[in-house]
There are 2 protein chains.
Amino acid sequence: MTTPLDLTPQFAIIVAGGSGNRMGTSVPKQFLPVGGVPILMHTLTRFFEYSPAVQLILVLPQKDQSVWEKLCERHHFQLPLKIVAGGATRFQSVKQGLAAIEAAEGLVAIHDGVRPFVPVHTIRESFEVAYQGNGAVAAVALKDSIRLVTPDGTNQSMDRTQFRLIQTPQTFRLPVIRKSFEQPEQSSFTDDASVVESDGNPVTLIEGSYQNIKITTPEDLVWAEAYLKLMS
Amino acid sequence: MTTPLDLTPQFAIIVAGGSGNRMGTSVPKQFLPVGGVPILMHTLTRFFEYSPAVQLILVLPQKDQSVWEKLCERHHFQLPLKIVAGGATRFQSVKQGLAAIEAAEGLVAIHDGVRPFVPVHTIRESFEVAYQGNGAVAAVALKDSIRLVTPDGTNQSMDRTQFRLIQTPQTFRLPVIRKSFEQPEQSSFTDDASVVESDGNPVTLIEGSYQNIKITTPEDLVWAEAYLKLMS
């Protein structure tokens, strides 16, 4: 059955601007292999699994593009995608990604290149909720307690049930996010939702998942290898 | 070289009151095997590795104690420890653990039974900082963005650099924590540090580590198996 959502142009901007700094490697973390395949290819494949109709925009630093091409050859990776050069910050990178979309209307999911285990049902829900109106932001409850560290160096316990850890995808209507990204960049823009919100548009939190980790540290890579084996 | 800290009586209360609810198992999660050995045995061993002089107090629900004894027999697990019946809440369980310590002076680390990968250097630092005066609480920076969910259902972006995720151990001077646990229990007591703090004692955050996870969900168990293999 074809739904109104199916008839809406859908895009995904995959932001892959990370370095290997916190990973302790010289290879950008999105290129590190998990199960023998670069993380970024896993991530892009999730969106293709959701729907081959989603148009993929990969935002990658200029300097990493030739390596990416070689990796694609070696791994016979042939998903149709548009590659865009990243900017100096995430805000600039997403802005570049948006500029590469020609359609005036539709929905766009923005997703971290190093979150290869996003469940397909989460991608689907994020598009569905964004289609209803508000931006959709994947989020999970905290497992650990949390403290606020104040500028004077002291810290205080907070109620963790009032907080959510934010993941991606973060999915929006194209005209809304386009307008939001016309604002000057601010240091308070911690993610794409905060940009959209700062322009007066509320966002809706959807249930993310603990498997949807952002691969950041060597511990995460260990987990990713194990999780992939379990899934296959 | 013997330091003043070495001459101070040191205790560790290991709190193991968890169910298997979020894990989807009927076995309490602290008894689930990682590398073939129950999680709780890994955790207790970390403290023994830090120092065989640390006196271990294991707080375990009464109903789980016979299973624990059988597990100890099967795994030839013979670390010297005092077993105390847990209470209905973490606050009550820690209070029971404290009541089992006869010494008037000294230091006590409180640690989650399901954090088996706490580095020995973190345990050491927590005792050292607690010896200096303030309570010592292991904490790490957030990898994800964070949002505050308000009671009216809306949510707002927060600056994640102002927050820390709280781990254990949380280590205190015995007289300080004893007095703090004489307070009536409050719902705002999210961890042991919040109890001590509520009694007017500041705590110091020390650097925790991303390997020091609290095994809570099936994803965590996958990670634990992989991490243990990597370490061995």
Note every residue of the stretch B:160-184 with a reduction of at least 10 square angstrom in accessible area, all protein chains present versus the isolated chain, computed with a 1.4 Å probe, or write none. B:Arg160, B:Gln162, B:Phe163, B:Arg164, B:Leu165, B:Ile166
Would you kindly work out, in nm and rounded to one decimal, the distances from the label point of A:Pro80 to those of the same position in each other copy, ordered shortest first, with label points 7 Å along Cα-to-Cβ? 7.3
Interface buried area A-B, accessible surface with 1.4 Å probe, both sides summed, nearest 100 Å², comes to 3700
Cross-link reach list, lysines versus B:Lys82, counting only Cα pairs under 21 Å and skipping chain neighbours closer than eight places: B:Lys29, B:Lys63, B:Lys70, B:Lys95
Mean other chain Cβ within 10 Å across B:149-159 is 5
Report the one residue of B:Ile177, B:Tyr131, B:Phe117 whose Cα lies farthest in the direction of the positive end of the charge dipole of the stretch B:100-191 (charges on C-beta: Lys and Arg +1, Asp and Glu -1; origin at the Cα centre). B:Phe117
Give me the distance in nm between label points sitting 7 Å out from Cα along the Cα-to-Cβ direction at B:Lys143 and A:Glu128, one decimal. 2.8
Do any GluC sites (Glu not before Pro) in the stretch A:65-158 lie in a DSSP loop with no more than 14 other beta carbon atoms within 10 Å, and if so, which? A:Glu102, A:Glu105
Residue among A:Ala53, B:Pro33, B:Leu98 farthest towards the positive dipole end of the protein assembly as shown, charges placed on Cβ: B:Pro33
Relative to 2.2 N^0.38 Å, what does the C-alpha radius of gyration of the stretch B:142-183 come to as a ratio? Two decimals please. 1.81
Compute the orientation-averaged projected area for the protein assembly as shown from the convex hull of its Cα atoms and round it to one decimal in nm². 24.8
Distances from B:Asp152 to the same residue in each other copy, label points 7 Å out along Cα→Cβ, in nm, shortest first? 3.1
Taking the alpha-carbon centroid of each part, what is the distance from the stretch B:149-168 to the stretch B:95-146 in angstrom? 24
Just want to confirm a number: the relative contact order over the stretch A:1-138, from Cα pairs under 8 angstrom separated by 6+ residues, in percent. 34
Over chain A, what is the relative contact order in whole percent, taking alpha-carbon pairs under 8 Å and six or more residues apart? 23
Shortest first and in nm with one decimal, please list how far the B:Thr25 label point sits from its counterparts in the other copies (point 7 Å along Cα→Cβ). 3.0
Taking Cα pairs closer than 8 Å and at least 6 residues apart, the relative contact order of the stretch B:1-81 in percent is 33
How crowded by other chains is B:199-212, given as the mean number of beta carbons from other chains within 10 Å of each beta carbon? 2
So, with a 1.4 angstrom probe, what is the percent of accessible area on the protein assembly as shown that is carbon and sulfur? 53
Rg(Cα)/(2.2 N^0.38 Å) for chain B, N = residue count: 1.01
Only bridges whose two residues both fall in the stretch B:10-231 count here: according to DSSP, what percent of them are antiparallel, nearest 5? 40
Treating the beta-carbon of each Lys and Arg as +1 and of each Asp and Glu as -1, no other charges, what is the dipole magnitude of the protein assembly as shown about its Cα centre, to the nearest 20 debye? 600
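The values are calculated or read from the model by the stated rules, or taken from the named source; none is laboratory data. Keep in mind it's a predicted model, so treat the numbers as computed, not measured. For neighbour counting, all protein chains shown are included, and Cβ atoms are generated from backbone atoms with ideal geometry for every residue, glycine included. Surface accessibility is based on the protein's heavy atoms, side chains included, excluding ligands, DNA and RNA. Shrake-Rupley method; radii C 1.70, N 1.55, O 1.52, S 1.80 Å.
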